[in-house]
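Here is the structure we will look at, set down as structure tokens.
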Amino acid sequence: DPEISPVRHKAWPSNFPPVHLEYGGSEVFRDQIERLIKALAENEVELSIHLEEGQIHVYPILDFLAPQ
């Protein structure tokens, strides 16, 4: 169902907003994120991506959660 999984959309609206994705190389959802990236790119959605190799899920907020 495209309403549940955006990856299953056949065509994305032309006014779909730009998307920024950050994920880690050891991310548990890496396969799903990369399928989403592929679907967005195929539908010409403006996309910026940051992949941080060796990092895990939610790595961008780890410093906030456990400051040194």
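Readers should treat all values here as calculations from the given coordinates under stated rules, not as data from a laboratory. Since the structure is predicted, the reported quantities are computational estimates derived from the model, not experimental observations. Glycine gets a Cβ as well: all are built from the backbone with ideal geometry, and neighbour counts include every protein chain shown.
Values computed for the structure shown
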{"item": "Value at 222 nm in deg cm²/dmol, rounded to 500, when DSSP H runs of n ≥ 4 in the chain each add -39,500 (n - 2.57)", "result": "-7000 deg cm²/dmol"}
{"item": "DSSP loop GluC sites (Glu not before Pro) with at most 15 other Cβ within 10 Å: longest gap in the chain", "result": "4-43"}
{"item": "Cα-based convex hull volume of the chain per residue, rounded to whole Å³", "result": "107"}
{"item": "Dipole of the range 6-65 [Lys/Arg +1, Asp/Glu -1 at C-beta], most positive-end residue of Ser48, Leu36, Pro13", "result": "Pro13"}
{"item": "Degrees, to the nearest 10: 30-42 long Cα axis against longest axis of the chain", "result": "40"}
{"item": "Simple Cβ-charge dipole of the chain, Lys/Arg +1 and Asp/Glu -1, about Cα centre, in debye nearest 20", "result": "200"}
